[in-house]
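So the structure is just underneath, and the comments pick up after that.
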Amino acid sequence: MSSYPHLLAPITMGNRTLRNRSLMGSMHTGLEETGDWSRVAAFYAARARGGAGLIVTGGMAPNREGGVFPGAAGLFTENDIANHRRVTEAVHAEGGHIVMQILHAGRYAYSPDCVAPSAIKSPISPFPPRELDETGIEKQIADIATAAARAIQAGYDGVEVMGSEGYFLNQFLVTHTNRRTDRWGGDYANRMRLPVETVARVRAAMGPDAILIYRISLIDLIPNGSTWDEVVTLAKAIESAGASVLNTGIGWHEARVPTIATSVPRAAFADLTARLRPMVGIPVITSNRINTPEIAEKLLAEGAADMVSMARPWLADEAFMAKAAAGRAADIAPCIACNQACLDHTFSGKLTSCLVNPRACHETELSYAPAARPRRVAVVGAGPAGMMTAVVAAQRGHQVTLFDKAAQVGGQLNLAKQVPGKEEFHGLVAWFATMLQHPLITLRLGHEATPDDLRAFDEIVIATGVVPRDPGIPVAPGARVLSYIDVLQGAETGRRVAVVGAGGIGFDVAETLVHQGTSPTLDPQLWRQEWGVSTPWADRGGLAPEGPRPHPPAREVHLLQRKAEKPGRHLGKTTGWIHRVSLAMKGVRMLGGVTYDRITTEGLWLSRPGEGSQLLPVDAVVLCAGQEPDRRLSDQLDRLGIRHHRIGGADVAAELDAKRAIDQAARLAATL
Ligand code: NAP
Ligand code: SF4
């Protein structure tokens with residue numbers, strides 16, 4: 001019997017039977033906006049081939065004013081319909097089902113034309129919205145219904161109406177954004193009129209058989225958000241208006257609580273879907289931080305939901321369900337919820353991809369086709385770059401030997417997984433270890449490769465990574481100076497610590513130093529307390545009135561940098577704020593614009609503009625001052641005239657992260 005009987009069970013919606021209970025949640029990839037619809041079709045077809053039960057497209061604008069940004073993709077013309085038909089035909093040809101998400105951004109639209117129930121600017125957009133009048137509201141409903149009708153014409157199996165995350169329909173539901181006094185505002189019956197009316201009109205436009213998913217916000221995580229009674233009232237009204245399924249939405253985009261980042265516990269919000277399920281007669285879908293078939297199966301088996309939505313996991317591995325069904329779950333490339341190549345790209349105007357899977361959204365351009373001439377490939381360094389090279393090269397038919405002087409694979413990923421809140425890195429290292437068991441890969445661990453080891457290979461790839469940069473601060477005898485590697489491996493620091501360098505690693509080290517006890521990521525109750533999350537049945541919007549209650553910091557930590565700017569400005573676009581808030585909540589003092597004078601047994605002497613040298617009394621100083629490429633072997637090979645490729649940190653250490661290392665590795669291995 002399969003390990004996932006509930007996840008693999010078919011489910012019927014409208015007149016469609018979906019092959020399993022996995023929903024690929026909506027993601028904006030940016031592919032549609034490239035205008036290359038063969039790429040869009042290839043992206044979704046790969047996920048249908050990989051076994052997704054039902055795919056939801058990225059959000060499509062119903063009209064110009066509702067687009068998330070000017071030029072956002074939608075279904076406006078006959079030509080658009082033809083383009084979308086290429087996608088639906090490709091998915092259906094793979095035996096999949098696909099619905100189109102209709103996303104009206106309301107006041108979240110990054111455009112001066114944005115509209116909303118009331119003229120209240122959102123904190124995450126520079127544009128104040130225009131308050132809609134009665135005619136304007138009718139136009140929005142009509143445009144959404146028209147988009148649904150066009151979706152059916154384009155061959156979609158239905159639509160998902162985006163009613164959560166603080167977008168247009170959600171904005172009508174709460175007084176936070178709806179101050180109207182007409183029939184679209186005021187009491188709850190009036191505030192929910194727009195979403196309910198919209199669903200009824202969408203159902204009428206599509207006919208009775210198409211799938212109509214309504215994404216409902218179960219916990220708003222904003223002041224004056226919905227109560228649980230209101231959520232249930234809305235859910236029932238939406239069901240009566242013709243929805244076939246309710247999908248779960250968690251938190252508005254402007255919420256100051258993380259909802260999908262890697263530090264959020266897995267399935268942290270599934271209890272909300274579980275509570276809604278008995279209240280309605282249609283299936284419910286649970287969502288957020290579900291990234292393995294085991295968790296999905298458990299939620300379904302416990303009755304928390306009828307289907308499980310995973311979005312980013314389908315970027316990390318397009319064959320997620322096919323592998324689960326084949327009993328090969330350990331082969332599923334895990335989404336580590338880092339956002340680095342997906343949401344950070346989206347919000348920087350770049351095409352989405354995936355740190356773990358650089359082929360995501362590059363299906364037509366990056367191919368791992370079998371090599372014309374299998375070769376003997378040596379890879380030195382079993383960090384992210386070296387491991388990815390080995391995996392892709394072997395997949396293409398090359399005979400690979402992977403060397404590392406350490407006794408285990410993983411390189412710097414083994415440090416990342418020690419950081420509280422980064423536990424997902426354990427899964428990433430485990431996945432690489434599984435993939436390295438390929439019959440064409442020989443591991444030579446605990447062995448420092450020499451030029452003599454490498455000469456006989458057809459291709460040599462040097463992925464020896466980085467060494468920590470020594471910032472050259474004078475150190476007095478007896479002063480305690482540690483590297484980040486020491487600290488992440490558990491070295492004792494004392495109670496008061498200065499961290500030199502406030503890059504990604506400085507933040508990680510500071511987080512590790514202030515942390516004590518169980519990681520909140522592994523304890524949902526603790527995590528909720530840390531971030532001030534209660535429940536919508538206890539408090540409006542699910543925000544605890546007492547606010548965040550983080551555990552007291554284990555140490556007094558000073559996080560320093562030379563640049564005269566706010567530390568952490570260059571962290572991930574969508575996650576940097578979480579790291580900054582988390583450290584601030586634990587009293588970490590962040591200081592920019594410092595010059596390091598010397599380190600003594602008393603502490604760190606530093607100066608700031610206009611001030612003399614002052615002592616920061618600390619027990620230890622931890623150096624997180626960036627990295628230098630480790631090119632010792634590469635230089636030796638150069639001197640001997642041995643041709644080789646250099647990738648990852650050994651190539652360029654500046655701004656190196658696993659995303660760039662893995663991407664460079666995959667692209668090189670695709671050409672060997
Ligand atoms: P980094 O981001 O380049 O930061 C290095 C820090 O050291 C900077 O704050 C820099 O600030 C300081 N620094 C540089 N040269 C120095 C010198 N000579 N003396 C004193 N301070 C110096 O490097 P990292 O923190 O080692 O991280 C390495 C890579 O891993 C980065 O690309 C990072 O994004 C990635 N990473 C990412 C995450 C994540 O959460 N996404 C987590 C960990 C690591 P000043 O020059 O202003 O002093
Ligand atoms: Fe998941 Fe990170 Fe890949 Fe995004 S980039 S899909 S968060 S692993």
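The values are calculated or read from the model by the stated rules, or taken from the named source; none is laboratory data. Everything quoted here is computed from the prediction, not taken from an experiment. Positions of Cβ are backbone-derived with ideal geometry, glycine not excepted, and every protein chain shown enters the neighbour counts.
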Taking the criterion of being away from ligand 1 (no atom under 11 Å from the Cβ), out of contact with any Ser or Thr (no Cβ under 6 Å at 6 or more places or on another chain) and at negative phi, would at least one residue in the stretch 571-579 satisfy it?
yes
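Would you tally the residues in the stretch 413-427 being away from ligand 2 (no atom under 16 Å from the Cβ) and in contact (Cβ under 8 Å) with a residue 60 or more places away in the chain?
3
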Quick one: would you say A661 is part of a helix (DSSP H, G or I) and more than 13 Å from ligand 1 (Cβ to nearest atom)?
no
In the stretch 220-247, what residues are surrounded by fewer than 24 Cβ atoms within 10 Å (Cβ to Cβ) and not aliphatic (A, V, I, L, M)?
P223, N224, T227, W228, D229, E230, T233, K236, E239, S240, G242, S244
Name the residues in the stretch 48-81 that are touching a residue at least 60 places away in the same chain (Cβ under 8 Å) and part of a helix (DSSP H, G or I), would you?
R49, D80, I81
Qualifying position, being surrounded by 23 or more Cβ atoms within 10 Å (Cβ to Cβ), assigned by TED's automatic domain parsing to the domain that holds A82 and closer than 19 Å to G74 by Cα, among I141, I102
I102
Any residue in the stretch 568-589 that is within 16 Å of ligand 2 (Cβ to nearest atom) sitting within a Cβ distance under 9 Å of a residue that is among the aromatic types (F, W, Y)? List the pairs, counting only those 6 or more apart or interchain.
L571/F507; L571/W577; K573/F347; T574/F347; G576/F507; H579/F507
Take the stretch 316-332 and flag every residue that is in contact with a Lys or Arg (Cβ under 9 Å, 6 or more places away or on another chain) and either assigned to a loop (DSSP other than H, G, I, E, B) or near ligand 2 (Cβ under 7 Å from one of its atoms) (or both).
D317, E318, A319, I332
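Given the residues P536, P550, P609, which is the only one that is within 24 Å of P420 (Cα to Cα) and part of a loop (DSSP other than H, G, I, E, B)?
Among P536, P550, P609, only P550 is within 24 Å of P420 (Cα to Cα) and part of a loop (DSSP other than H, G, I, E, B).
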Out of the residues in the stretch 1-46 meeting the condition of being part of a loop (DSSP other than H, G, I, E, B) and of a type in the set (K, R), tell me which one is surrounded by the most Cβ atoms within 10 Å (Cβ to Cβ).
R21
Which members of the stretch 365-374 meet the condition of being in contact with a helix residue (DSSP H, G or I) (Cβ under 9 Å, 6 or more places away or on another chain) and surrounded by fewer than 16 Cβ atoms within 10 Å (Cβ to Cβ)?
E365, Y368, P370
With criteria (1) away from ligand 2 (no atom under 16 Å from the Cβ); (2) on the phi > 0 side of the Ramachandran plot; (3) of a type in the set (S, T, N, Q), Q399 comes up short on (2)
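When residues of the stretch 25-83 are filtered for being aromatic (F, W, Y) and under 21 Å from Q140 (Cα atoms), how many remain? Talk me through it step by step, then tell me what you get.
So the first thing to find is which residues in the stretch 25-83 are aromatic (F, W, Y), and the list is 37, 43-44, 69, 76.
Retained after the next criterion (residues that are under 21 Å from Q140 (Cα atoms)): 69, 76.
The qualifying residues number 2.
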